[in-house]
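Written out below as structure tokens is the structure these notes cover.
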Amino acid sequence: NGFVELLKYSNPALAADDDDAEPAPTSVLQAAVVESLALYMSKYEEEFQPFLGPCLGHAWSLLTSTSLAPHHDLLVTTSVRFLTTVACSVHHHHFAKTEVLNEVCHKIIAPNMQLLQADEELFEDQPFEYVRKDIEGSDADTRRRVAVELVRGLCRNYEVQVTQLFSANISTLLEQYKQNPAANWKAKDVAIYLVIALTIKGGTAARGATQTNALVDLHDFFSQHVLCELQAAATGAAPHPVLIADAVKFVSVFRVQLSRAVYDTVFPLLLSLLASPNPVVHTYAASAIERLLTVRDAPTAAAPAGARRFDVAALSPLLQQLLTSLFAILQRGGSEENPYVMRAIMRVSVVAEQAMAPYVQVCVDALNTILGRVCANPTNPTFNHYLFETVASLVKYICAATPAAVNAFEQLLFPPFQTVLQMDIAEFTPYVFQVLAQLLEARDGLSDAYSQLFPPLLTPTMWERPGNVPPLVRLLCAYAAKGKALVLDKVQMVLGVFQKLLARGATDQHAARLLSALWRACELAELQQYATPIFNLCIQRAQGYKKVGPSLVSTWSVFLARYGPRALWQQLESIQPGLANMVLRGLWGEWAPFVKGGRAERKAAVIGTVRLVCELPEVLADVDTAAALLSAAASMLAADAGVGDGAAAAAAEEEEDALEVDAAGGGGGGYPHLQEKLLFQGAGAALGRDAQVLRVRGAGSRCSAGQPTGDQPFLQLPKHHDRVQARAACGDERGGGAGGDAAQPGSAAVRPLARGARRGGDQGGRDGALPRHPPPPAQLAGARPRPRPRRSRVRALAVAERRRRRRRRRPQAAPRRGARLDLCVRALRRRQRRQVGKAGGGEVRFALPTCIIAVSTCLWGECARHTRAQSVE
């Protein structure tokens, strides 16, 4: 009743004037009430049902009593959304009557579809804000958008009735426009939007309309009422600019439904609209051209990803005029950094591929001019991303067809890139490194410029920015492939970079990629002196941070493919006898199914896993190891089942075509480093998006990031013999306690890897974890380890009291069958650990009598409980 009274409340003294933009206090109050009703409707449909009728009637009365004044916008949009919620719910029968639908269509939807005076002013004064609201869908709170949503909501259950009602309304609006096009152009604007609202049943930003209303003759409306507007604009008999923008938007929205013949007709018309002086019109035309070039036909056996509907053969005759018009827009005042135009240039270069060769010189010169301008003040990250994306696509397709073009690209791109690196523009350096890696991968060898660039890339300051890590890793991989001698000369510094990247959870996959590049480029003899320290670092890191497992399996798969399974086995056994089986069973077998990357990485992991089983008799001799590896191989094959070349190609094309404005860094003044990856690169450019840098606790993350010098290498390599002697002197299997019992002759000094290995300090973890770092010198000398700081007694008492209260409030559920046995065994294990710990013993071993007592006690309790349950029944 309170909400109803508030909806009926009116106070002329608080009413707003017609020219006020701010809503009146009563409108704000009533909008909040309607929003609360919509929330009740969406969350509690059954409970709200008795009150729905009166509330819906009062919301209806509010809508019919409002005007088109700006101060009523808030109340109108909120009330229309409430009607949409009801129309999409199980209570849609409130709109079932024909007279109700007629009232909704003619008194609520049609008036709010009109272009308001504020929209006209926005079209003329702030064209890019108008484009952003319309194309990117940021006009969620406008009258037109909520009216469109109400039409779609009504069409869910009353598609035939709504289509018939609006068909008559659309015909009336079009007749009004024909009588006086200059004065009644708004009528056709409403008619086009009504057709769009009626027709779309489903769609995405990347694909446009994917499901349409079969009752609407889309092609007939296009040929009679949309195509004529485009032709009139192309011939100079220009209608109102808003209608031109509406016609271009219609083509863009229904691009999937339009045939290839329509494309051949529309494309020259859109190309001519690029010369329009109106910013909205030429921006809409550039965006429509870009969207049309992404459309693909249904997949076939010849084209698994689907052939482009407007392919290279159709685009080539229009390339020169198209590129000239697009670059001319970027020279106009106000459109110098138009992201939609730059995205269209990028899409043209991607679709044209090698056909861009005659225009590379002109395009790169124009891009260099733009780059020099934006370097002074990089304020538009979306525009800048598509700028470098265009450069990357040109390098990718032109150099693939003509390898000799690499030198020409370097002569054109090195001067602006040198300016970016000298000015240290943080927003552009990741892009520059990616393009440099592309150029180096396309070369046959190193030039003097690349040789001089290599030493500065290894300085720690270059790796401090998270956005630089993926492109720099790719650039170092390219150096390893093209200039092995240069990399071997600085191999300690390269391994220092590897150690720094391996110590962080956000960059360990890049460390694995860098190490894999070294395995591919170098012979085992050239890296033999570093192999043992590298594997030690990897194993230590695996114990301290278990999620590094997939990255380690990936790089070890490359090692295995390059040097063979026997080399991997001998390398692990040289660290410690028995370590190979532990690593293969506890790390490889568990994390191989989770290897990340592309098809090449997962394929290498599968083949490496199978080769370990088939080529190493030692693996077959250990049943657990062989079973773990076979299970991992089966899991990978099952997970990748059906992913063939065709599906992979389709996925790659989908990634290219799904490139949206928001994916390029989006709408803000800042440059989030997550968005600095270029998609259109060479095959070796599968760089992952950087994650936020996480602080990884544990010994594996403590690495030096100091400046390398000639006397002290960047990589501090641990000594294997010192580690073995430390364990022998300590006598503890876990390598962390002093004064422990000596290890048995047949026991392994390294425990198997376990997924649940703790990330704590050097105290050792549960059974099945690798050893931590060797104990400090004080423990090796027999000194008593430093005790852990004790918690304050007051704080401990408070924590214990909170736990007791929580335990009392928690309902005690009956333990499941077998849970008593688990609890009993765990309690006995904890008790025996405490006793062994007090005595200074080594590893805990469960005695057989203890297990028999535990099992007997549990079974006795289970039998007694079962007997009591039967007596109660």
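Which of the residue pairs K396/K490; K43/K188; K8/K188; K546/K603 have a Cα-Cα distance greater than 27 Å in the structure shown?
K396/K490; K43/K188; K8/K188
How would you classify the stretch 318-473 from its alpha-carbon gyration tensor, with a ≥ b ≥ c the square roots of the eigenvalues: rounded for a/c under 1.5, else prolate if a/b is greater than b/c, otherwise oblate?
oblate
Output ³J(HN,Hα) for the stretch 33-49: one whole-Hz value per residue in order, computed from phi by the Karplus curve 6.51 cos²θ - 1.76 cosθ + 1.60 with θ = phi - 60°, and x for Gly and Pro.
Along the stretch 33-49, the couplings run 5, 5, 5, 5, 4, 5, 5, 4, 5, 7, 9, 10, 5, 5, 5, 8, 4 Hz.
Ordered by packing density, taken as the mean number of other Cβ atoms within 10 Å over each peptide's residues, highest first, how do 365-374, 2-11, 552-561 rank?
So the peptides 365-374, 2-11, 552-561, ranked by packing, come out 552-561, 365-374, 2-11.
What ³J(HN,Hα) values, in whole Hz, does the Karplus curve 6.51 cos²θ - 1.76 cosθ + 1.60 give for the stretch 461-471 when θ = phi - 60°, with x put for Gly and Pro?
Along the stretch 461-471, the couplings run 5, 5, 9, 6, 7, x, x, 7, 5, x, x Hz.
Taking only C-alpha pairs under 8 Å that are 6+ residues apart, what is the relative contact order of the stretch 451-539 in percent?
28 percent
For V280, what is the net charge nearby, where nearby means another residue's Cβ is under 12 Å from its Cβ and Lys, Arg count +1, Asp, Glu -1?
Once all neighbours under 12 Å are counted, the net charge is -4.
Once amide H atoms are built 1.01 Å from N in the peptide plane, which residues 5 or more positions from T212, or in another chain, come under 5 Å H to H?
Result for T212 returns K201.
Report in % the part of the accessible area of the stretch 426-558 that belongs to carbon and sulfur, leaving out ligands and nucleic acids; probe 1.4 Å.
Reported share for carbon and sulfur atoms: 49 percent.
Strictly greater than 18 Å: what percent of every Cα pair in the stretch 254-383 meets that?
Beyond 18 Å sits 55 percent of the P(r) for the stretch 254-383.
State, as an integer percentage, the relative contact order of the stretch 183-328 based on alpha-carbon contacts under 8 Å between residues 6 or more apart.
Answer for the stretch 183-328 is 18 percent.
Could you tell me the extents of the stretch 464-577's C-alpha atoms along the three principal axes, largest first, rounded to whole Å?
Computed over the stretch 464-577, the largest-to-smallest principal extents equal 41, 33, 21 Å.
Let me make sure I get this right: for the stretch 412-514, a, b and c are the square roots of the gyration tensor eigenvalues over alpha carbons, sorted descending. Under 1.5 in a/c it's rounded, otherwise prolate if a/b > b/c, else oblate. Which is it?
oblate
Give me the net charge of L488's neighbourhood, meaning all other residues with Cβ under 15 Å from the Cβ of L488; Lys, Arg count +1, Asp, Glu -1.
+1
Take the solvent-accessible surface of the protein heavy atoms, probe 1.4 Å, and return the percent of it on the stretch 117-244 that carbon and sulfur atoms account for.
Here carbon and sulfur together make up 48 percent of the probe-accessible area.
At what distance in angstrom do the alpha carbon centres of the stretch 297-340 and the stretch 497-537 lie from each other?
A separation of 42 Å, based on Cα centres.
Calculate the radius of gyration of the Cα atoms of the stretch 252-316 to one decimal place, then report Dmax, the largest Cα-Cα distance, as a whole number, both in Å.
Cα only, the stretch 252-316: 13.0, 45 Å (Rg, Dmax).
To two decimal places, what compactness ratio does the stretch 2-61 give when its Cα radius of gyration is scaled by 2.2 N^0.38 Å?
Relative to the 2.2 N^0.38 Å estimate, the stretch 2-61 comes out at 1.27.
Can you give the relative contact order of the stretch 1-77 as a percent, counting alpha carbon pairs under 8 Å and 6+ residues apart?
45 percent.
Accessible area per residue for the stretch 335-435 in Å², computed with a 1.4 Å probe and the full protein assembly in place, what is it?
That works out to 32 Å² for each residue.
If you take the beta carbon distance between A314 and D444 as r and set R0 to 45 Å, what does 1/(1 + (r/R0)^6) give as a FRET efficiency, to the nearest 0.05?
0.80
In nanometres, what is the gap between the two model label sites at V4 and Q492, each 7 Å from Cα along Cα-to-Cβ?
With each label placed 7 Å out from Cα toward Cβ, I get 8.7 nm.
Are there trypsin sites (Lys or Arg not before Pro) in the stretch 189-277 that DSSP marks as loop and that have at most 16 other Cβ atoms within 10 Å, and which are they?
Sparse-neighbourhood loop trypsin sites (Lys or Arg not before Pro): R207.
The values are calculated or read from the model by the stated rules, or taken from the named source; none is laboratory data. Just so we're clear, the structure is a prediction, and the values are computed from it rather than from any experiment. Note that each Cβ is placed from the backbone with ideal geometry, even for glycine, and that neighbours are counted across all protein chains shown. Note: areas computed on protein heavy atoms with side chains; ligands, DNA, RNA excluded. Shrake-Rupley method; radii C 1.70, N 1.55, O 1.52, S 1.80 Å.
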